[in-house]
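Single-structure report; data block below.
The values are calculated or read from the model by the stated rules, or taken from the named source; none is laboratory data. Since we're looking at a predicted model, the values are computed, not measured. Here the Cβ positions follow ideal geometry from the backbone for every residue, glycine too, while neighbour counts run over all protein chains shown.
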Amino acid sequence: MSERYRRCPQCGATKFWIDDELGHKVVFRVTSQGAPEAAKEPGRDLSLLDFSLIHCLSCGWSGSLGELKA
Ligand SMILES: [Zn+2]
């Protein structure tokens, strides 16, 4: 089931977060195609958010989308 999502290179978790334009934490997963998908608000449009630095919800790892494990 969670195999559909990319994983944290450090701990293997599939949930990450970033701050939105209002400074609120947005929790998301990343599909096997590399597309961020809101984890708590299904259908939320994330296209305007800055994903250049993402944070793992579980272990504190920070990095880029490209560093996630497929
Ligand atoms: Zn992690």
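Laid out as a table, the results:
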| quantity | calculated |
| --- | --- |
| Cβ-Cβ under 6 Å pairs, at least 6 apart or on other chains, segment 28-47 side in contact (Cβ under 8 Å) with a residue 24 or more places away in the chain and under 18 Å from Glu67 (Cβ atoms), far side part of a loop (DSSP other than H, G, I, E, B) and among the polar types (S, T, N, Q) | Arg29/Thr14 |
| Wholly within the chain, strands (runs of 3 or more DSSP E) carrying at least 1 residues that are within 13 Å of the ligand (Cβ to nearest atom) and at pLDDT 95 or above | 16-19, 25-30, 54-56 |
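Each row is one residue, and each column tells you yes or no for (1) touching a strand residue (DSSP E or B) at 6+ places or on another chain (Cβ under 7 Å); (2) among the aliphatic types (A, V, I, L, M); (3) more than 17 Å from Arg4 (Cβ to Cβ).
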{"site": "His24", "(1), (2), (3)": "no, no, yes"}
{"site": "Phe28", "(1), (2), (3)": "yes, no, no"}
{"site": "Gly34", "(1), (2), (3)": "no, no, no"}
{"site": "Ala38", "(1), (2), (3)": "yes, yes, no"}
{"site": "Ser47", "(1), (2), (3)": "no, no, yes"}
{"site": "Ile54", "(1), (2), (3)": "yes, yes, yes"}
{"site": "Gly60", "(1), (2), (3)": "no, no, yes"}
